[in-house]
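Structure, as structure tokens:
The values are calculated or read from the model by the stated rules, or taken from the named source; none is laboratory data. Small disclaimer: the values here were computed from a predicted structure and weren't measured. Using ideal geometry, Cβ is built from the backbone for each residue, glycine included, and neighbour counts are taken over all protein chains shown. For accessibility, only protein heavy atoms count, side chains too; no ligands or nucleic acids. Shrake-Rupley method; radii C 1.70, N 1.55, O 1.52, S 1.80 Å.
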Amino acid sequence: MAVDPDLVQRAWSWVAADPDPTTRDELGAVISAAEAGDAAAIDDLADRFKGELDFGTAGLRGRLGAGPNRMNLAVVTRAANGIVAWLRGSGEPDVSSRGVAICFDARHRSQDFAEASAAIFAAAGIRAYVLPGPLPTPVLAFAVAHLGAAAGVMVTASHNPPQDNGYKVYDASARQIIPPVDGIIAAAIDATPRACDV
């Protein structure tokens, strides 16, 4: 069984843009196995690149791993940058000083994703409040209201299987975003450059 060369090229491009050495190595091993004709690796590679995780009202959710159809640092980096663009264009007063409250649960990589998001918000001049965790989701809603934050991010996949993680966004009302905000953030994520360029 031969792997699609265009798929291999897209995968190597992803590796080049991935800021996380762990997922770079993971994907590199999958690509190498696929190039060697390993059928399981070819299927795995195709699944990782069959599309991008959809950003919707529930934010992002998916299996942990390398590639655009997985939850990883590159996907989270682009999502955080999309939130920055939404906040800057939202018309909310004092977005930079009110900041974003960030909370994470005990799932694998949750703290990494929360800290990476905080770094992106701070680099964009938006105050980032990372709550000490892991904590349950309702704490994030309380924190947004208590701090008067412009937004909130909860890194969790709720009831999804343990191999998943996710990313929920809250607005200044301390409620999960609803349309049309989810579409605005999704468009801003689509307009975001490669993760290594954020």
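A few notes on this one:
- Residue that is nearest to residue 74 (Cα to Cα) [pool: residues in segment 27-41 that are crowded, with 20+ Cβ neighbours inside 10 Å and not β-branched (Val, Ile, Thr)]: 27
- Filter result for residue 34 (more than 18 Å from the chain's Cα centre (by Cα) and free of Cβ contacts under 8 Å to residues at least 12 places away in the same chain): no
- Considering segment 117-143, and only residues there that are open to solvent by less than 20 Å² (accessible area, probe 1.4 Å) and out of contact with any Cys (no Cβ under 9 Å at 6 or more places or on another chain), the residue that is nearest to residue 75 (Cα to Cα) turns out to be 117.
- Residues of segment 36-74 that turn out to be farther than 18 Å from residue 112 by Cβ, outside any helix (DSSP H, G or I) and of a type in the set (D, E, K, R), as a count: 4
- Count of segment 99-108 residues which are touching a helix residue (DSSP H, G or I) at 6+ places or on another chain (Cβ under 8 Å) and open to solvent by 20 Å² or more (accessible area, probe 1.4 Å): 1
- Residue within segment 170-187 that is among the hydroxyl-bearing types (Ser, Thr, Tyr), assigned to a helix (DSSP H, G or I) and surrounded by 20 or more Cβ atoms within 10 Å (Cβ to Cβ) present: no
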